Amino acid sequence: MPKKLVNEFSWSVSRHQLFISCPKAYYYNHYGSWGGWEADADEKTRKLYILKNIRPMVTWIGSIIHDLIKDTLTAYSRGEAVFPTADELKEKALQAMRSGWRDSVNQVWKQYPKKTNLFELYYGDGKHVPKEETDAIKERVLECVDNFANSAVVRTIKSVPFLNWKPIDTLDTFQIDDLKVWCAVDFAYTDPDGVLHIIDWKTGSEKKDALRFQLGCYALYALEKWFTPIEKIAPHGVFLYDGAHMSDFSVDAALLVSVKDQILTSAQAMKAKLKDVANNVAEEEDFPCNPNEYNCRSCNFREVCPAVNGSL
Ligand code: SF4
């Protein structure tokens, strides 16, 4: 019998964002839904696990594009394929969208909660989303894929020997003191001058401060995992829906100290809410709702949340 997974405390950028936006949603996502994949999970845990895995269309297409880029670069690096054309990539993206849409409409997620479960369908009529919304999403995917395929950064990547590529979009952890931090660098390579370029593909619009923080985390990862000197780290955001334009960031010791500090402060605030820090045990009543129109309108947990359902 496989060993049960243990809910260990760890930190990630997305966890931090959820914690500061709404403690209740954070509790549901990281504690209440834990174990919801097990066959013997109780009804509430299973429900929270299903809700946790809901994705709004805009996040869903972000994953489709990231997966497509990852698969394309991986196959290319293994010599399994010539680099596909923009049209071939667009067709693959559309296939992934059709398959995810079918899974969501057919509610395959009831049995397999990791399968696509779109927010707009779950909290809509389950079958339809207004045509202008689906058209806009499709247009965004095709535009992003087209911009990726024809971008200067892809031309550069193709000119870099594979030996100078880092593992592609691989979820990994690193330590800050005794804290485990999760991150997945989309793509990174070393140029002939020994500079490590870290690429973060973005399918949304640019939010400079959030991106600086995220890229600062990747720089800490590069420092710890790849022993890259600070002055040789060059992070970039690539905005695929905006002509694949590249936003360059610089890294210095002061930025890394500040990012490290923010991570530790954030983790400390999360731990301060726990009933039992050593065993990462949380109680729902210690995580209040933070209702506001912006948070709740797009919150996965609105179906069960007492703030939205009038029980507060
Ligand atoms: S519906 Fe609003 S208050 Fe409730 S968990 Fe979600 S964000 Fe928080």
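Which ordering of TYR122, TYR294 is given by a fewest-first count of other beta-carbon atoms within 10 Å? All intermediate terms of the calculation are to be shown ahead of the outcome.
Working: TYR122 19, TYR294 8.
Ranking TYR122, TYR294 by Cβ neighbours within 10 Å, fewest first, gives TYR294, TYR122.
Note down the magnitude of the dipole of region 156-271 about its Cα centre, charges +1 on Lys and Arg C-beta and -1 on Asp and Glu C-beta and zero elsewhere, to the nearest 20 debye.
Numbers: 11 positive and 16 negative charges, 39 e Å.
In total the dipole reaches around 180 debye.
Can you pull the one-decimal nm distance between simple spin-label points at LYS208 and ASN309, each 7 Å off the Cα toward Cβ?
It works out to 4.3 nm between the two label points.
From Cα coordinates alone, what are the radius of gyration and Dmax values for region 156-271 in angstrom?
That works out to 14.2, 46 Å for Rg and Dmax.
Would you mind getting me the FRET efficiency between VAL257 and ALA184? Use the beta-carbon distance for r and R0 = 22 Å, nearest 0.05. Spell out each step's value before the answer.
Working: r = 23 Å, r/R0 = 1.06.
The value I calculate is 0.40.
What percent does the relative contact order of the chain come to when contacts are Cα pairs within less than 8 Å and at least six residues apart? Working shown, then result.
On the way: 404 pairs, mean separation 62.1, N = 312.
RCO, the chain: 20 percent.
Picking from GLY216, GLN175, TRP165, whose Cα lies most toward the positive end of the charge dipole for region 156-271 (charges on Cβ: Lys, Arg +1; Asp, Glu -1)?
GLN175
Can you put LEU51, LEU89 in order of Cβ neighbours within 10 angstrom, beginning with the fewest?
Details: LEU51 25, LEU89 22.
Listed from fewest to most nearby Cβ atoms, that is LEU89, LEU51.
Which of these, TRP201, TRP182, TRP37, has the largest mean-square fluctuation under a Gaussian network model of the chain (Cα springs below 10 Å)?
Fluctuation is largest for TRP37.
If I model a spin label at SER63 and GLU285 as a point 7 Å from the Cα along the Cα→Cβ vector, what separation in nanometres do I get?
In this crude spin-label approximation the distance works out to 3.5 nm.
How much length would be gained if the chain were fully extended between VAL195 and GLU133, taking 0.36 nm per residue of separation minus their Cα-Cα distance, in nm to one decimal?
Net length gain for the segment: 18.2 nm.
Using 0.36 nm times the number of residues separating LEU142 and GLU80, minus their current alpha carbon distance, what extension gain do you get?
On the way: separation 62, 0.36 × 62 = 22.32 nm, distance 2.42 nm.
Length gained between LEU142 and GLU80: 19.9 nm.
Which of these, ASP146, ASP87, ASP169, has the largest mean-square fluctuation under a Gaussian network model of the chain (Cα springs below 10 Å)?
ASP87
Give the Rg/Rh ratio for region 1-146, taking Rg as the radius of gyration of the Cα atoms and Rh as the Kirkwood radius, to two decimals. Walk me through the numbers before you get to the answer.
On the way: Rg = 17.7 Å, Rh = 17.4 Å.
Using Cα coordinates only, the ratio equals 1.02.
Long-range amide H contacts for ALA282: which residues qualify at under 5 Å (H placed 1.01 Å from N, peptide plane, sequence gap of 5 or more or a different chain)?
LYS275
Hey, rough spin-label estimate for SER250 and LYS232, points 7 angstrom out along Cα→Cβ, what's it come to in nanometres?
It works out to 2.0 nm between the two label points.
Between ASN106 and LEU163, what length in nm is gained on full extension when 0.36 nm per residue of separation is reduced by their alpha carbon distance?
Working: separation 57, 0.36 × 57 = 20.52 nm, distance 4.35 nm.
Fully extending the segment from ASN106 to LEU163 adds 16.2 nm.
How big is region 27-93 on each of its three principal axes, counting only the C-alpha atoms and giving the largest first in Å?
48, 25, 18
Using a Förster radius of 51 Å, what is the FRET efficiency between GLU91 and LYS275 based on their Cβ-Cβ separation? Nearest 0.05, please. Please report the intermediate quantities before stating the final value.
Details: r = 51 Å, r/R0 = 1.00.
Result of the calculation: an efficiency of 0.50.
Treating only the Cβ atoms of Lys and Arg (+1) and Asp and Glu (-1) as charged, compute the dipole magnitude of region 265-312 about its Cα centre; round to the nearest 20 debye. Intermediate results must be reported in sequence, preceding the final value.
Numbers: 5 positive and 7 negative charges, 36 e Å.
In debye, rounded to 20, region 265-312 gives about 180.
Quick one: divide the alpha-carbon radius of gyration of region 215-312 by 2.2 N^0.38 Å and tell me what you get. If you can, show how the numbers build up before the last one.
Working: Rg = 19.5 Å, N = 98, 2.2 N^0.38 = 12.6 Å.
Ratio of Rg to 2.2 N^0.38 Å for region 215-312: 1.55.
If you place +1 on the Cβ of every Lys and Arg, -1 on the Cβ of every Asp and Glu, and leave all else neutral, what size is the dipole of region 1-118 about its Cα centre, to the nearest 20 Debye?
Value, rounded to 20: 360 debye.
The chain: D in µm²/s via Stokes-Einstein (Kirkwood Rh, Cα pairs, 4 °C, 1.567 mPa s)?
Stokes-Einstein gives a translational diffusion coefficient of 61 µm²/s.
Which pairs break 31 Å Cα to Cα here: LYS110/LYS158; LYS208/LYS275; LYS202/LYS225; LYS70/LYS131?
Numbers: LYS110/LYS158 41 Å; LYS208/LYS275 36 Å; LYS202/LYS225 23 Å; LYS70/LYS131 29 Å.
Distance filter (> 31 Å) returns LYS110/LYS158; LYS208/LYS275.
What is the calculated FRET efficiency for ASP40 to PHE174, with r their C-beta to C-beta distance and R₀ = 35 Å, to the nearest 0.05? Each step should come with its number before you reach the end.
Working: r = 34 Å, r/R0 = 0.98.
It comes out at approximately 0.55.
Could you point to the residue in ALA267, ASN106, ALA152 farthest towards the positive end of the chain's charge dipole, with +1 and -1 charges on the Cβ of Lys/Arg and Asp/Glu respectively?
ASN106
For region 173-240, just say rounded, prolate or oblate: build the C-alpha gyration tensor, square-root its eigenvalues into a ≥ b ≥ c, call rounded for a/c under 1.5, and beyond that prolate if a/b exceeds b/c, oblate if not.
Details: a/c = 2.04, a/b = 1.14, b/c = 1.78.
Judged from the Cα gyration tensor, region 173-240 comes out oblate (a/c at least 1.5, b/c at or above a/b).
Just so you know, all these numbers are worked out from the coordinates, no wet-lab data involved. Just so you know, these numbers come straight off a predicted model, no measurement behind them. Glycine gets a Cβ as well: all are built from the backbone with ideal geometry, and neighbour counts include every protein chain shown.
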